[in-house]
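Chemist: Shown below is the structure under consideration.
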Amino acid sequence: MHGWTGQILRVDLTTRTHHIEPFSEEFAHTWIGGRGFAVKILYDELRPGIDPLGPENKLVVAVGPISGISAPNTGKTVVAAKSPMTGGYGDGNLGTRVTEKLRKAGYDALIVEGRAERPTLLYVDDERVEFVPADEIWGKGTYEANDWIYARYGKGAGVLNIGQAGENLVRYAVVRSMEGRSGGRPGMGAVMGSKLLKAIVVKGSLPIPQAFPAEMKTLGRDDLRTVHAMDQKAAWSVQGTTGVLPWCNEVAALPVHNFRKTHHSEAWRVDGQRLAEAKVAVYGCPNCTMQCGIAMLDTEGRESELDYENVGLLGPNLDLFDLQQVATLNYLCDDFGVDTMSAGGVLSFYADAIEQGAVEGDLRFGDFAGLRDTLTDIALRRGPVGNLLAEGTMRAAWAVGRGSEAYAMQVKGLEVSAYNCKFIPGMALAFGVSPIGAHHKESWIISYEITQTPRESYGRDKAQKVVDLQRIRGGMFEAIVSCRFPWVELGWGLENYPKYYNAITGLDWELEDFWPSSDRIYAIMKLFWLREHPGTDRKDDYPPAVWFDPANADTEGPIAGRHLEYDRYDALLQHYYDIRGYDERGIPTRQTLERLGLAAEAAAAEQFATLT
Ligand code: PTT
Ligand code: SF4
């Protein structure tokens, strides 16, 4: 088999043992890698109903056949587990040196099981596996922990680590790497914390297996240059993702005041231009020639790397329009290892609930010191408010009650990304049907929808576009494991990816050959959800209720008086199910599962769902 190492490293923290396990060519071709490997492993191996924060959960770190190769933006890795936020399959994708090192150590995936007796650093170096005491860095932030790790293992080692939020089981704790990258929004950092696993360090010395290494070398070198030239022209590395903020504000898609407003006259104060003016450094992932991690100094003079999602949800959504203050909240999230997006969402929910009189408290929108201190309480799980909000918006709303569920901006338990869909039906659908909760990564239809379709339409074309984008983004990019930004932001052709795939694996795939694998991955993510949430129905695929509420519609601006409509959303959702081959409850039909090669899974699914 070319292109895959053919091996998975399985580590048990409880027994402090490890095994190297081969996988078959058929497994590789069926599930490709990354998310495909992770979801199949977790679906097969996790007993239904386990506590995601208990020792029975498993953490999967998985790369794909393209990962780590010298070609545009291949430095990404998937981290996955049963999610403490949603109870379903959860994962994230982050830039890290682990990508290349894991492959060079001889593995396409690492499975971490059990729970260590004491804080532990897992060290992998080719066949060598060590369980290193990490008491010295337990309780430390991710920056200090990183320094400690680099001092011992060198800066070139691949490192994934967590901060205090992961240790304290904040449900939306993330995994961190390279001091600036973060991944695993649905609580992958909390899963590491629950295992007393402070860090994973990987080194490797073997060549990455490739069918045509010489061809791939030339292709990769030339394409890295071309993408770099495209970046220079597009000036993507000047503002990074924050460049989209003025557009969101202009088209009334910005989250402001817990998504109650869609635009703000002060938004320019936190936009990409302001970030570019304040820029002190640019960072990025390995193998990237279009680096987008733009850093500025926060109120304490610390470097803080900002993205659009972070600014949108920690800025306007909290009524904060001072970029340095936003950078401080962002820095704290990075150091504590907590997801910026969920942190912004839960803080805004709580300020809103206080404003609505649903709960008594001191937190106010725009109160920088109060927000900073509450964020610290969350990460350290200090006091009743810190503990309540560490559970995430959905659980906080359950506890607060008094109608607050309607403005809890989450789907399936995960907070909504920074796109306000009061009147953007296709993007609302994308959030509704995202299998890991309301994350934009699966299908970012918003720009197509607003610029190329009538915004008010709920047509089947939008459901088709959501599926098309899921196939490319959540399916192909997450399975081959490569950053999607060259394609999304610079228009780097999708046809390049089968070229890399074929040079590495020796196969002869066209772009379309990825779609069945993508659909299979989505179907099994859905089965995972169903098995954990029996009796589920289409209501799980609805976005937050407040977007449908006429009383919540804007009173001025481009979408004044407009809001989502239940009947029409429901019809759009049905189009999505029809295209995917799911029934009216949102469950894949037996025929669909069989078509995707999941006949065995279909038979077993009868235990928790009646298939049609
Ligand atoms: C991703 C999510 C995002 S998505 C952002 S900003 W974005 C937030 N970043 C956080 C952060 O920073 N610090 C922190 N403490 N929490 C954070 N939470 C949020 O996490 C990221 C880039 C970005 S920046 C995006 S869209 C793209 N995402 C990709 C993806 O998902 N798949 C893929 N194949 N390529 C992608 N390329 C881009 O990568 P999650 P990174 Mg991230 C500091 O994982 O869980 O999906 O959360 O990995 O290396 O930081 O790059 O406007
Ligand atoms: Fe990482 Fe940004 Fe480069 Fe993608 S474009 S690989 S997210 S630095």
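Chemist: Does the stretch 297-317 contain at least one residue that is away from ligand 2 (no atom under 16 Å from the Cβ), β-branched (Val, Ile, Thr), within 28 Å of Thr96 (Cβ to Cβ) and crowded, with 24+ Cβ neighbours inside 10 Å?
Modeler: The answer is no; no qualifying residue exists.
Conditions tested, residue by residue: (1) among the hydrophobic types (A, V, I, L, M, F, W, C); (2) touching a residue at least 40 places away in the same chain (Cβ under 8 Å); (3) buried (at least 22 other Cβ atoms within 10 Å of the Cβ); (4) farther than 25 Å from Asn249 by Cβ.
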| site | (1), (2), (3), (4) |
| --- | --- |
| Ala397 | yes, yes, yes, yes |
| Val400 | yes, yes, no, yes |
| Glu405 | no, yes, no, yes |
| Val416 | yes, yes, yes, no |
| Ile424 | yes, yes, yes, no |
| Glu442 | no, no, yes, no |
| Arg460 | no, yes, no, yes |
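Chemist: Still on this structure: Kindly indicate which of Leu332, Leu313 is within 11 Å of ligand 1 (Cβ to nearest atom), closer than 18 Å to Arg171 by Cβ, in contact with a Pro (Cβ under 7 Å, 6 or more places away or on another chain) and in a helix (DSSP H, G or I).
Modeler: Exactly one residue qualifies, and that residue is Leu313.
Chemist: Return a yes/no flag: does the stretch 39-53 have any residue that is under 16 Å from Arg103 (Cα atoms) and either basic (Lys, Arg) or surrounded by 24 or more Cβ atoms within 10 Å (Cβ to Cβ) (or both).
Modeler: No, the stretch 39-53 contains no residue that is under 16 Å from Arg103 (Cα atoms) and either basic (Lys, Arg) or surrounded by 24 or more Cβ atoms within 10 Å (Cβ to Cβ) (or both).
Chemist: Quick check on my filter: what residues within the stretch 395-437 are within 15 Å of the chain's Cα centre (by Cα) and of a type in the set (D, E, K, R)?
Modeler: Correct list: Lys412, Glu415.
Chemist: How many residues does the stretch 98-148 hold that are among the β-branched types (Val, Ile, Thr) and more than 30 Å from Ser70 (Cβ to Cβ)?
Modeler: Summing the residues that are among the β-branched types (Val, Ile, Thr) and more than 30 Å from Ser70 (Cβ to Cβ) in the stretch 98-148 gives 3.
Chemist: Would you tally the residues in the stretch 427-463 being of a type in the set (Ser, Thr, Tyr) and in contact with a strand residue (DSSP E or B) (Cβ under 9 Å, 6 or more places away or on another chain)?
Modeler: Matching residues across the stretch 427-463 total 1.
Chemist: For the stretch 127-151, give me each residue that is acidic (Asp, Glu) and over 28 Å from the mean Cα position of the chain (by Cα).
Modeler: Step one: filter the stretch 127-151 for residues acidic (Asp, Glu), giving 127, 130, 135-136, 144, 147.
Answer for the stretch 127-151, where residues must be acidic (Asp, Glu) and over 28 Å from the mean Cα position of the chain (by Cα): Glu127, Glu130, Asp135, Glu136.
Chemist: Inspect the stretch 14-22 for any residue being more than 18 Å from Pro435 (Cα to Cα) and surrounded by 18 or more Cβ atoms within 10 Å (Cβ to Cβ) and give the result as yes or no.
Modeler: First pass over the stretch 14-22, keeping only residues more than 18 Å from Pro435 (Cα to Cα): 14-22.
Next cut, surrounded by 18 or more Cβ atoms within 10 Å (Cβ to Cβ) only: 18.
Checked against the condition, which is being more than 18 Å from Pro435 (Cα to Cα) and surrounded by 18 or more Cβ atoms within 10 Å (Cβ to Cβ), the stretch 14-22 yields at least one hit.
Chemist: What number of residues in the stretch 369-391 are over 24 Å from Ala190 (Cβ atoms) and either touching a residue at least 60 places away in the same chain (Cβ under 8 Å) or out of contact with any Asp or Glu (no Cβ under 8 Å at 6 or more places or on another chain) (or both)?
Modeler: The number of residues fulfilling the criteria is 1.
Chemist: Right, here's the next one. Which of (1) within 16 Å of ligand 2 (Cβ to nearest atom); (2) over 21 Å from Asp223 (Cβ atoms) is the odd one out, the single condition Trp515 does not satisfy?
Modeler: The single condition Trp515 does not satisfy is (1).
Chemist: Still on this model: Just the residues that are surrounded by fewer than 23 Cβ atoms within 10 Å (Cβ to Cβ) and free of Cβ contacts under 8 Å to residues at least 60 places away in the same chain, please, taken from the stretch 515-535.
Modeler: Trp515, Gly535
Chemist: Cβ-Cβ under 9 Å, sequence separation 6+ or interchain: first residue in the stretch 587-612 and more than 24 Å from Arg471 (Cα to Cα), partner of a type in the set (Asp, Glu) and not in a loop (DSSP other than H, G, I, E, B). Which pairs?
Modeler: These pairs meet every condition: Phe608/Glu532.
Chemist: Go through the stretch 80-177 and tell me which helices (runs of 4 or more DSSP H), entirely inside it, have 2 or more residues that are out of contact with any strand residue (DSSP E or B) (no Cβ under 7 Å at 6 or more places or on another chain) and without any contact (Cβ under 8 Å) to a residue 60 or more places away in the chain.
Modeler: 142-153
Chemist: So which pairs qualify, if the first residue must be in the stretch 178-204 and closer than 18 Å to Ala390 by Cβ, the second must be within 16 Å of ligand 2 (Cβ to nearest atom) and assigned to a helix (DSSP H, G or I), the Cβ gap must be under 8 Å, and the two must be at least 6 apart or on different chains?
Modeler: Ser182/Asp334; Ser182/Thr340; Arg185/Met341
Chemist: Answer yes or no as to whether Ile521 is modelled with pLDDT of 95 or more, β-branched (Val, Ile, Thr), over 24 Å from Pro558 (Cα atoms) and within 16 Å of ligand 2 (Cβ to nearest atom).
Modeler: Values: modelled with pLDDT of 95 or more: yes; β-branched (Val, Ile, Thr): yes; over 24 Å from Pro558 (Cα atoms): yes; within 16 Å of ligand 2 (Cβ to nearest atom): no.
No: the conditions fail for Ile521.
Chemist: How many residues are in contact with a strand residue (DSSP E or B) (Cβ under 9 Å, 6 or more places away or on another chain) and part of a loop (DSSP other than H, G, I, E, B) if we restrict to the stretch 253-286?
Modeler: Number satisfying all stated conditions: 10.
Chemist: Could you check the stretch 1-39 and list, in sequence order, the residues that are part of a loop (DSSP other than H, G, I, E, B) and either touching a helix residue (DSSP H, G or I) at 6+ places or on another chain (Cβ under 7 Å) or of a type in the set (A, V, I, L, M, F, W, C) (or both)?
Modeler: Matches in the stretch 1-39: Met1, His2, Gly3, Trp4, Thr5, Leu13, Phe23, Ile32, Gly33.
Chemist: A further question follows. Identify the single condition in (1) assigned to a loop (DSSP other than H, G, I, E, B); (2) within 14 Å of ligand 1 (Cβ to nearest atom); (3) under 30 Å from Glu594 (Cα atoms) that Glu56 does not satisfy, given that it satisfies every other one.
Modeler: Evaluating Glu56 over (1) assigned to a loop (DSSP other than H, G, I, E, B); (2) within 14 Å of ligand 1 (Cβ to nearest atom); (3) under 30 Å from Glu594 (Cα atoms) leaves (2) as the failure.
The values are calculated or read from the model by the stated rules, or taken from the named source; none is laboratory data. All values reported here derive from a predicted model rather than from experimental measurement. Because the Cβ atoms are built from the backbone with ideal geometry, glycine has one as well, and the counts that use them run over all protein chains shown.
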